[in-house]
Amino acid sequence: MKGWKKTLLSLLLCLCLAGCAPGGGRVLDVSGERKAIGEAVDGLFAALDSRDGEAIAALFSPYVRERDTDMMEQVDKLLAVYPGPTSRYDLEYDGGAKQRNGGSYYNTTACTVYTTCGGEDYWCWLTLMYQNSDPEKVGVKSIRFFTAEEYCGVRYDDWDIPAEDGLAVYAERTLDCEVRAIRGDAYKYTPPQAPLDLGEVEAFLSTGEKTYDEFVARFGEPCAENIWYFYELPRSDGVPRYLRMVVDYNDKTVSGFSMVDDTQWLCKLFEKEEPAPPGGKE
């Protein structure tokens, strides 16, 4: 089949991944900084679920607690915004920073957490100082906690969140659209009349290269977009699935497809066939 071909191996991989998607909690990584931030995230959600404001504050270093003058007000706001119990949480490691100058040193690491509670989605950014030559500075540096509408607004409209130590809870923004978690991020979402049929997509792609406009003319507008374009697929065991479409920025040709769920990338679905070399030899 010229143009595009479905990769059976990719579909099998999707099924395998669907059976072992993370259910929330531990970071399965043995490196020091990932283990440290995984434990910090575990501690945060344990404290949230036990409604223990003092335990939330205790996650922060003494240095930060002393300087964050409205920390307990923000803790109370967090407990009001996030009622618990936690259904799941998944974290994405965002990297870290290390510095050493003579006898002084520090090591920090950060992550983004996607969590669900009572059928609602939330996100938070957490930065941890897990080593420091000054022990008063060891502990959580900052937590920025967002409702789904707040986080979606940040992703689409602005990233102007103050880079300050301490706790800040964002829960005021409202949007006039549905917000869905796709691959661990928040997207403005328009539900389709019916999920996309992959067999119909395969048949459409089999006739050759397609542009974004041609795809939309055949299958309608995407349900969500922000850099990538997403179409809803039939659920698998109750888990949402989406077709992610990549479009070339310059000529608007469709350049790739993959399957994702609410938290992660699963697999490629279609691959372009490479033209045969001169003489027909592989």
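Where a number appears in this text, it was derived from the coordinates with a stated rule and is not lab data. None of the values given here were measured: they were computed from a predicted structure. Note that each Cβ is placed from the backbone with ideal geometry, even for glycine, and that neighbours are counted across all protein chains shown.
Each of Leu79, Tyr151, Cys124 was placed along the dipole of the range 32-176 (beta-carbon charges, centred on the mean Cα), and the one lying farthest toward the positive end is Cys124. Amide hydrogen proximity for Asp121: with H placed 1.01 Å from N in the peptide plane, the residues at 5 or more positions away or on another chain lying under 5 Å are Ala148.
Hey, can you rank 50-63, 187-200 by average C-beta count inside 10 Å, highest first? Before the final figure, lay out the partial values.
Values: 50-63: 16.7, 187-200: 14.7.
In decreasing order of mean packing, 50-63, 187-200 become 50-63, 187-200.
Close amide H partners of Glu178, meaning residues 5 or more places away or on another chain with modelled amide H under 5 Å apart, are Tyr189.
Phi-derived couplings, Karplus 6.51 cos²θ - 1.76 cosθ + 1.60 at θ = phi - 60°, listed residue by residue for the range 98-112: 9, 8, 9, 9, x, x, 9, 7, 8, 9, 10, 8, 9, 8, 10 Hz, with x used for Gly and Pro. Computed 3J(HN,Hα) for the range 206-214, one whole-Hz value per residue from the Karplus formula 6.51 cos²θ - 1.76 cosθ + 1.60 where θ = phi - 60°, is 5, 8, x, 4, 10, 9, 4, 4, 5, glycine and proline marked x. Near the amide H of Ser87, within less than 5 Å, lie the amide hydrogens of Thr116, Cys117, Gly118, all on another chain or at least 5 residues away, with H placed in the peptide plane. In nm, give the distance between the simple-model label positions of Ala203 and Thr174, each being 7 Å from the Cα along the Cα-to-Cβ direction. About 4.5 nm separates the two model spin labels. Relative to the Cα centre, the charge distribution of the range 32-176, modelled as +1 at Lys and Arg Cβ and -1 at Asp and Glu Cβ, gives a dipole magnitude of about 640 debye.
Here the simple spin-label model places points 7 Å from the Cα toward Cβ, and for Glu136 and Glu221 these points are separated by 5.6 nm.
Phi angles across the range 66-83 convert, under the Karplus curve 6.51 cos²θ - 1.76 cosθ + 1.60 with θ = phi - 60°, into 3J(HN,Hα) values of 5, 9, 8, 5, 10, 4, 5, 5, 5, 4, 4, 5, 4, 5, 6, 6, 10, x Hz, Gly and Pro given as x.
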